[in-house]
Amino acid sequence: MLKVSVIIPTLNEQETIASAIASATQAGAEEVIVVDGGSTDQTTQIAARDAALVTSDRSGRAAQQNLGAQNAVGEVLLFLHADCRLSSNSISDLVARLSSSPETIAGCFRQRIDQPGFRYRSLEAGNLWRARLLKWAYGDQGIFVRTSVFREHNGFPDVCFLEDLLLMKKLRRAGRIIVLDSHIDVSARRWQRRGVLRQTFRNWLIVSLAHLGASPDRLAKFYPNDR
């Protein structure tokens with residue numbers, strides 16, 4: 001059976017990291033690796049209780065996740081944001097699909113944002129169809145990829161922003177990408193802080209500018225790092 005390594009990048013996530021680790025463990029992860037980018041709160045102390053802890057500098061999620069992948073032993077890498085939680089059947093579903101479909105190299109899960117309301121259901125639906133049609137999964141959808149493929153394509157690009165989109169664009173050309181029916185629970189905190197419409201418009205604008213050639217470093221200035 002395929003073994004799955006869950007990699008969680010963190011920066012000051014003391015309120016969320018314990019539940020993220022617990023969800024990965026309960027879902028059946030072979031190992032959970034937390035890669036901390038210089039937290040000044042209790043994140044590292046909490047993470048070290050139940051996960052392997054690796055420390056990095058504040059160069060961003062791409063570097064953190066690549067470092068975690070270097071230390072992983074699983075045949076599949078699953079990148080989990082600290083404010084997300086895997087469902088209990090997520091890893092078993094992942095393993096079953098990849099085991100039965102050798103041509104499938106990567107994918108993500110359906111989102112379930114942890115707030116009620118039509119606005120959040122609309123966000124979930126839009127993100128689902130983006131991942132299904134364009135094969136552009138974002139980090140808060142729980143990106144997973146075969147370890148051999150990840151390493152063959154040199155992992156996340158060395159950028160400080162949009163690393164998830166750039167990785168998926170590479171993988172889309174390499175093989176089949178799927179969206180599993182099992183879900184990942186996602187915190188609504190970003191939309192609550194900035195407003196659903198404002199946050200969504202900002203996301204669309206940033207992605208559009210990226211496709212027009214704007215550099216991730218410049219675009220990062222328009223997306224506050226408040227994880």
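Quick test for you: out of ALA96, ALA27, pick the one residue that is among the small types (Gly, Ala, Ser), within 24 Å of GLN115 (Cβ to Cβ) and either touching a residue at least 24 places away in the same chain (Cβ under 8 Å) or surrounded by fewer than 22 Cβ atoms within 10 Å (Cβ to Cβ) (or both).
ALA27
Can you say whether SER88 is surrounded by fewer than 20 Cβ atoms within 10 Å (Cβ to Cβ), at pLDDT 95 or above and in a loop (DSSP other than H, G, I, E, B), as far as the supplied structure shows?
yes
Is there any pair with a first residue in the stretch 189-206 that is under 19 Å from ARG130 (Cα atoms) and a second that is open to solvent by 100 Å² or more (accessible area, probe 1.4 Å) and modelled with pLDDT of 75 or more whose Cβ atoms are under 7 Å apart and which are 6 or more apart or on different chains, and what are they?
Filtered contacts from the stretch 189-206: VAL196/ARG119.
If the requirement is being within 18 Å of SER148 (Cα to Cα) and more than 16 Å from the chain's Cα centre (by Cα), which of these qualifies: GLY74, GLY68, GLY38?
GLY74 is the lone residue from the list that is within 18 Å of SER148 (Cα to Cα) and more than 16 Å from the chain's Cα centre (by Cα).
Which of the residues belonging to the stretch 13-34 are closer than 12 Å to LEU80 by Cβ, out of contact with any Pro (no Cβ under 9 Å at 6 or more places or on another chain) and of a type outside the set (Gly, Ala, Ser)?
GLU13, THR16, ILE17, ILE21, THR25, VAL32, ILE33
Restricting the search to the stretch 25-47, which residues are within 15 Å of PRO9 (Cα to Cα) and either of a type in the set (Ser, Thr, Tyr) or part of a loop (DSSP other than H, G, I, E, B) (or both)?
If the condition is that a residue be within 15 Å of PRO9 (Cα to Cα) and either of a type in the set (Ser, Thr, Tyr) or part of a loop (DSSP other than H, G, I, E, B) (or both), then GLY37, GLY38, SER39, THR40, ASP41, GLN42, THR43, THR44 are the ones that fit.
Out of (1) modelled with pLDDT of 95 or more; (2) open to solvent by 50 Å² or more (accessible area, probe 1.4 Å); (3) more than 19 Å from PRO157 (Cα to Cα), what's the single condition that is false for ARG119?
It fails just one condition, (1).
Quick check on CYS108: is it under 22 Å from MET1 (Cα atoms) and crowded, with 22+ Cβ neighbours inside 10 Å?
Answer is yes for this residue.
Return yes when GLU103 is open to solvent by 50 Å² or more (accessible area, probe 1.4 Å) and in contact with a Gly (Cβ under 9 Å, 6 or more places away or on another chain) and no when it is not.
Answer is yes for this residue.
Considering only residues that are small (Gly, Ala, Ser) and in a loop (DSSP other than H, G, I, E, B), look in the stretch 48-79 and name the one that is nearest to ALA24 (Cα to Cα).
ALA51
Conditions (1) outside any helix (DSSP H, G or I); (2) over 28 Å from GLU30 (Cβ atoms); (3) modelled with pLDDT of 95 or more, marked per residue:
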{"residue": "ARG130", "(1), (2), (3)": "no, yes, no"}
{"residue": "GLY155", "(1), (2), (3)": "yes, no, yes"}
{"residue": "CYS160", "(1), (2), (3)": "yes, yes, no"}
{"residue": "LEU167", "(1), (2), (3)": "no, no, yes"}
{"residue": "ILE178", "(1), (2), (3)": "yes, no, yes"}
{"residue": "ARG190", "(1), (2), (3)": "no, yes, no"}
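For (1) among the aliphatic types (A, V, I, L, M); (2) assigned to a helix (DSSP H, G or I); (3) within 19 Å of GLU163 (Cα to Cα), each residue gets a yes or a no:
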position: GLU13; (1), (2), (3): no, no, no
position: ALA20; (1), (2), (3): yes, yes, no
position: SER23; (1), (2), (3): no, yes, no
position: ARG97; (1), (2), (3): no, yes, no
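The values are calculated or read from the model by the stated rules, or taken from the named source; none is laboratory data. Treat the numbers as computed from the prediction; the structure is a model and nothing was measured. In this analysis, Cβ positions are derived from the backbone assuming ideal geometry, glycine residues included, and neighbour counts consider all displayed protein chains. For the accessible areas, the whole protein counts, side chains as well, though only heavy atoms, and no ligand, DNA or RNA atoms are used. Shrake-Rupley method; radii C 1.70, N 1.55, O 1.52, S 1.80 Å.
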